[in-house]
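Worksheet: one structure, shown below.
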Amino acid sequence: MAIKSFQRYEKKFILDENQYNALIPILSKYMNPDKFCKFGQNYSIYNIYYDTDDNQIIRHSINKPYYKEKLRLRSYSIPTSKDDKVFLELKKKINGIVNKRRATLTLNEAYKFLELGKRPETSDYLNNQVLNEIEYHISNHDIHPTVYISYSRKAFFAKNDNDFRITFDSNIITRRDNLFLEDGSFGDRLLDKKHYLMEVKILGAIPVWFTKILSDLEIYNTHFSKYGNEYMRYCLNKNYDTGRKDVC
């Protein structure tokens with residue numbers, strides 16, 4: 001079992017197909033494809049988010065508090081065995097700075113930890129630290145699997161700055177049933193088919209060359225959370241189905 005920690009700022013943008021097609025060739029001058037984008041192809045990400053019965057965690061998050069956190073189970077392929085590798089992540093945001101703590105487990109270890117409270121055994125100090133944080137989160141929230149979100153990703157790193165990363169997510173699929181990674185990707189589309197969520201991830205300031213490109217292509221910063229937008233759409237559908245305005 002391994003652990004990683006990430007800390008950075010994230011800026012988000014919604015691109016239409018024309019903006020996306022214009023931007024990608026320009027980026028090749030300044031950036032290299034992520035190592036997971038083999039032969040220039042996208043890779044897939046599959047997630048299950050954990051929340052309370054009344055969606056307390058995401059309701060708190062969309063109110064833009066000083067501090068928020070989300071727990072998710074992630075894989076980069078659809079598991080076919082309980083021994084397949086998955087990642088249990090606690091994503092925190094403190095005054096705009098994103099910190100992600102990640103533990104690598106088998107799917108079986110993750111399910112036993114999340115569903116039965118059986119903590120994976122490890123003698124590694126750092127592994128124990130991240131499991132402590134996740135265990136504390138679980139003890140303070142009566143959580144269960146709530147939302148499945150998957151998407152296709154293309155990612156780049158700056159040639160002269162590995163801390164500057166850009167990702168493009170498309171085909172964002174969500175559902176609130178069959179909440180198992182091994183069930184595969186199906187559900188409702190969160191973004192229009194010809195739109196892309198671009199996330200700019202950086203420790204410091206955005207390079208001048210990139211801000212100029214954004215200006216030239218008329219690409220503007222927005223606020224878009226996959227889970228947050230899924231929840232707001234869920235509320236709209238519930239309100240419509242019940243004829244009420246206070247379901248969420």
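The values are calculated or read from the model by the stated rules, or taken from the named source; none is laboratory data. Please read these numbers as outputs of a predicted model, since none were measured by experiment. Neighbour counts run over all protein chains shown; Cβ positions are idealised from the backbone, glycine included. Side chains are part of the model used for accessible areas, which takes the heavy atoms of the whole protein and leaves out ligands, DNA and RNA. Shrake-Rupley method; radii C 1.70, N 1.55, O 1.52, S 1.80 Å.
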query = What is the number of the single condition among (1) assigned to a loop (DSSP other than H, G, I, E, B); (2) closer than 21 Å to K93 by Cα that K193 does not meet?
reply = (2)
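With the condition kept exactly as written, say whether any residue in the stretch 198-211 is within 20 Å of S75 (Cβ to Cβ) and part of a loop (DSSP other than H, G, I, E, B). Spell out the reasoning first.
Narrowing the stretch 198-211 to residues within 20 Å of S75 (Cβ to Cβ): 199.
Remaining after also requiring part of a loop (DSSP other than H, G, I, E, B): none.
For the stretch 198-211, residues within 20 Å of S75 (Cβ to Cβ) and part of a loop (DSSP other than H, G, I, E, B): absent.
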key: Pick from the stretch 191-219, criterion out of contact with any strand residue (DSSP E or B) (no Cβ under 9 Å at 6 or more places or on another chain) and in contact (Cβ under 8 Å) with a residue 12 or more places away in the chain, ranking: least open to solvent (accessible area, probe 1.4 Å)   = I213
ask   = When the residues of the stretch 62-96 are filtered to those that are of a type in the set (A, V, I, L, M) and surrounded by fewer than 16 Cβ atoms within 10 Å (Cβ to Cβ), which remaining residue is modelled with the lowest pLDDT?
value = I94
query = Could you say whether any residue in the stretch 146-169 is open to solvent by 10 Å² or more (accessible area, probe 1.4 Å), among the hydrophobic types (A, V, I, L, M, F, W, C) and not in a strand (DSSP E or B)?
reply = no
remark   = Being more than 15 Å from the chain's Cα centre (by Cα), basic (K, R) and on the phi < 0 side of the Ramachandran plot narrows K12, K82 down to just K82
request  = State whether one or more residues within the stretch 102-118 are under 25 Å from D83 (Cβ atoms), surrounded by 20 or more Cβ atoms within 10 Å (Cβ to Cβ) and among the aromatic types (F, W, Y).
outcome  = yes
key: Any hit, the stretch 53-61, residues being open to solvent by less than 60 Å² (accessible area, probe 1.4 Å), at positive phi and in contact (Cβ under 8 Å) with a residue 12 or more places away in the chain   = yes
ask   = Can you name the condition, by its number, that D142 falls short on among (1) loosely packed, with under 13 Cβ neighbours inside 10 Å; (2) outside any helix (DSSP H, G or I); (3) out of contact with any Ser or Thr (no Cβ under 8 Å at 6 or more places or on another chain)?
value = (3)
remark   = Contact list, first residue from the stretch 108-125 and free of Cβ contacts under 8 Å to residues at least 24 places away in the same chain, second anywhere and exposed (fewer than 15 other Cβ atoms within 10 Å of the Cβ) and part of a loop (DSSP other than H, G, I, E, B), beta-carbon distance below 6 Å, six or more apart or interchain, is K112/K118
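Looking only at residues in the stretch 173-190 that are of a type outside the set (A, V, I, L, M) and assigned to a loop (DSSP other than H, G, I, E, B), which one is least open to solvent (accessible area, probe 1.4 Å)? Even if it seems obvious, please write down each step before you answer.
Looking only at the stretch 173-190, we keep the residues that are of a type outside the set (A, V, I, L, M), and these are 174-178, 180, 182-189.
Then keep just the ones that are assigned to a loop (DSSP other than H, G, I, E, B); that gives 176-178, 180, 184-187.
Working: R176: 70, D177: 83, N178: 78, F180: 90, G184: 7, S185: 58, F186: 90, G187: 47 Å².
Only one residue fits best here, namely G184.
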